[in-house]
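What follows is one structure encoded as structure tokens, with my remarks underneath.
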Amino acid sequence: MSKTAKIVYRPLGLVGSLLASVVAASVFQVVWKKVARQDDAPTAMQSEYRLREILLASAVRGAIVAVVKALVSRGGARGFTKLTGAWPGD
């Protein structure tokens, strides 16, 4: 891939990553409400929760963020390839 194509893709990838973060946070909130029947997930600095609950919430959040970011990154790369003929990761 040419240097120009890589430079053009960088801001698109950044926007996609930010969008993925917003979507992942929303998906996590919905999943957490359904699974835990709580409005908000516990965070590390909340002393009223046991460590097990905090770790579970963190693991679920991390998995959802990773999957959503991978989907958005892959979709963005495929779209970029269709437009330019060059895969942005190569």
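Since every read-out is calculated from the coordinates, none of them should be taken as a lab result. Keep in mind that what you see is a predicted model, and the values were worked out from it rather than measured. Positions of Cβ are backbone-derived with ideal geometry, glycine not excepted, and every protein chain shown enters the neighbour counts.
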Kindly write out, for the range 25-38 in residue order, the coupling ³J(HN,Hα) from the Karplus curve 6.51 cos²θ - 1.76 cosθ + 1.60 (θ = phi - 60°), rounded to whole Hz, with x marking Gly and Pro. 4, 5, 4, 4, 4, 5, 4, 4, 4, 6, 6, 8, 6, 10
Nearest-20 debye value, the range 39-78 charge dipole, Cβ charges on Lys, Arg, Asp, Glu: 400 debye
Taking the Cβ of residue 20 as the centre, find all other residues whose Cβ is under 13 Å away and add up their charges (Lys, Arg: +1; Asp, Glu: -1). +2
Between Rg and the Kirkwood Rh of the range 39-78, both from Cα atoms, what is the Rg to Rh ratio? 1.21
Run down the lysines and flag those whose C-alpha is under 21 Å from the C-alpha of residue 82, throwing out any fewer than 8 positions away in its chain. 3, 6, 69
What is the list of residues in the range 46-90 whose amide nitrogen lies under 19 Å from a point 7 angstrom out from the Cα of residue 22, following Cα to Cβ? 65-77
Treating only the Cα positions of the chain as identical point scatterers, give the base-10 log of I(q)/I(0) from the Debye formula at each q in 0.16, 0.17, 0.25 Å⁻¹. -0.69, -0.74, -1.17
Computed over the chain: longest principal axis from alpha-carbon atoms vs helix 51-84 long axis, angle to nearest 10 degrees, is 20 degrees
Which residue, 52, 61, 78, tops the fluctuation ranking in a GNM of the chain built on C-alpha contacts under 10 Å? 52
Mean-square fluctuation check for the chain, GNM, Cα pairs under 10 Å: which of 66, 57, 36 is largest? 36
So the FRET efficiency between residue 71 and residue 36, C-beta based with R0 = 22 Å and rounded to 0.05, is 0.40
